[in-house]
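Peer 1: Got a structure for you, questions after.
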Amino acid sequence: MSKFSVYLKELLKQRGEPIARVAKNLGIERTSIHKALKDERVLPYTALKKLVQYLELSLPQARELNQYYEMLLQGEDIYRIQEAICELLSDLSQLHFSAGLPGERDTGEKGPAPGPGLVHGTPQVEAAIRSVLKRETGRPDAEIGLYLPTGCQLPNQLFWMWQEGRKFTVRQLLSFWPSRQGVENRLKNIRLIRRLLPLFLVSEGRYFARYYFDTGAEAESINPLPYFIITPRCLITMDARLSAAQFQTDPALIGLYRERFARILEECQALNSYSNDAGHILESYMRSTDREGYYTMMIQPCLGRYYTTERIRRQFREDVKDRELLIGLSDQRFGRLRELKDNYYTVFTKEGLTALAGNGIMVDLPTEFVKPFDPALRREMLSELRRDVETDVVKGCIADPEKLPVPPYLTFTCDPRHGVHIYTVQGFIGGPYACNLHIEESGIGQAFCEFIRSLPGSKFVYPKEKTLQILDDLIAGLE
């Protein structure tokens, strides 16, 4: 039995009325309710709303019933992935790189860093580590090595240190859970990415992560202090709970750990990479886009399939370096999108679409390379988009901002085989392509693709009819 049918049966029992009377009073077929309680039929949403009102449910009860209803519609696994990715997007949407993350800043403890020795107690361990990191990241071009317990919050301190303008590099070893073993592992990996993305974005290309797949906790059962931090002048080993940590300053020991750590990193898979070269970015788009589908999300719709060779050439500025090379790469890139016959998903916002219709500036195309689209071209391409959305050639979805926050400074493209690729756009403090991430893990890519595929017709986006009406209004305004 589904969670929805079990909970609905409980609520009806609390009401104390025969189902036949409930159905009659609501104008719902009695068999519809009976079959819904047996998971033989899904109630229409209108019937669900009537039941919520008739049963006089409290707000928590109504929320729980609606949650189980969504699980029933989407499938519980897809629902949980949706929730996890929406939480990730919500976090990113609240980032303001000119002001920092909401929450507490580095405590900025004064005084000398701890000397060699063993420290006990989680608060004392965390304070001692913060003190070491604050001291060591103040050194020019310092490099920090991290192998931390899953869920450790210490990287938050690094965020604030980068935010303060410190120039240091971090290389972190991460353990991922094999996604083939079920949705629980996939959710753990998504939550890990959620914690790391702010570091990728704020570090200005100085945060590098590599990963391996972990299937157990053998290291923790054998070594009492299996995790570590390597700084230029200190080695910190710690347990999984940060209840004990050993601080050591022997240069030979630090050098040994650093050498062995570098070897292990080489054996592991790179989670992220950076690039701000236009040609390299276009090539990475080609490598990371499957020929059988395209999945993207940003504040504006992706109009790439409408960029013909002639339009590409007309829009590139005449004085751009390597203009012909970039035109050729762009044509290859968008040619692949023009060839797609199915699985073309573009998720965007009404605000971004309206801005594009008004000024012709694509946020993911640097204005120093590409001229704004003139009104006639805007009208042509939006009309083509409108036609393809109506006929389902393109799954064009406008995100409901209350349910699906789209970060205004990022574009996401994902692929079930090549992972997730995140590019900064003109809303980012450093401008388009200031930071570009390639999270090359197929399980994460599959989760994001499943999420985007689940959006059409869901609560997260506007109904198709509303999307078409918004497009009609904007096209009419360009006449």
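Peer 1: Which members of segment 30-86 meet the condition of being surrounded by 14 or more Cβ atoms within 10 Å (Cβ to Cβ), closer than 23 Å to PRO456 by Cα and aromatic (Phe, Trp, Tyr)?
Peer 2: Across segment 30-86, the qualifying residues are TYR68, TYR69, TYR79.
Peer 1: Every residue in segment 195-211 that is in a loop (DSSP other than H, G, I, E, B) and at pLDDT 90 or above, please.
Peer 2: Scanning segment 195-211 gives a single hit, ARG206.
Peer 1: Taking the stated definitions as given, is SER2 closer than 30 Å to ASN156 by Cβ and among the small types (Gly, Ala, Ser)?
Peer 2: Judged against the criteria, SER2 is not a match.
Peer 1: With the requirement that a residue be under 9 Å from PHE369 (Cα atoms), in contact with a helix residue (DSSP H, G or I) (Cβ under 9 Å, 6 or more places away or on another chain) and not β-branched (Val, Ile, Thr), what does segment 307-320 give you?
Peer 2: GLN315, PHE316, ARG317 - these are the residues of segment 307-320 that are under 9 Å from PHE369 (Cα atoms), in contact with a helix residue (DSSP H, G or I) (Cβ under 9 Å, 6 or more places away or on another chain) and not β-branched (Val, Ile, Thr).
Peer 1: Within segment 161-179, can one find any residue that is surrounded by fewer than 17 Cβ atoms within 10 Å (Cβ to Cβ), outside the structural domain of CYS435 (by TED's automatic domain parsing), of a type in the set (Val, Ile, Thr) and more than 18 Å from PHE261 (Cα to Cα)?
Peer 2: no
Peer 1: Could I ask something else about it? Just to be sure I understand, how many residues within segment 44-64 are of a type in the set (A, V, I, L, M) and in contact (Cβ under 8 Å) with a residue 24 or more places away in the chain?
Peer 2: Residues flagged as of a type in the set (A, V, I, L, M) and in contact (Cβ under 8 Å) with a residue 24 or more places away in the chain within segment 44-64 amount to 3.
Peer 1: Could I ask something else about it? Working carefully through the options LEU225, LEU256, find the one that is assigned to a helix (DSSP H, G or I), at pLDDT 80 or above and surrounded by 12 or more Cβ atoms within 10 Å (Cβ to Cβ).
Peer 2: LEU256
To keep it simple, each residue is scored yes or no on (1) within 22 Å of PRO407 (Cβ to Cβ); (2) touching a strand residue (DSSP E or B) at 6+ places or on another chain (Cβ under 9 Å); (3) of a type in the set (Lys, Arg); (4) outside the structural domain of ARG314 (by TED's automatic domain parsing).
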| site | (1), (2), (3), (4) |
| --- | --- |
| SER330 | no, yes, no, no |
| GLY335 | no, no, no, no |
| GLU351 | yes, no, no, no |
| ALA355 | yes, no, no, no |
| THR367 | yes, no, no, no |
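Peer 1: OK, next. Residues to consider are ARG453, ARG386; find the one that is of a type in the set (Lys, Arg) and more than 17 Å from the chain's Cα centre (by Cα).
Peer 2: Selected residue: ARG386, the only one of ARG453, ARG386 that is of a type in the set (Lys, Arg) and more than 17 Å from the chain's Cα centre (by Cα).
Peer 1: Okay, next question. What are the residues in segment 385-404 that are surrounded by 19 or more Cβ atoms within 10 Å (Cβ to Cβ) and not charged (D, E, K, R), if any?
Peer 2: Residues satisfying the conditions are LEU385, VAL389, VAL394, GLY396, CYS397, ILE398, ALA399, LEU404.
The values are calculated or read from the model by the stated rules, or taken from the named source; none is laboratory data. Treat the numbers as computed from the prediction; the structure is a model and nothing was measured. Ideal geometry is used to build each Cβ from the backbone, glycine not excepted, and the neighbour counts take in all protein chains shown.
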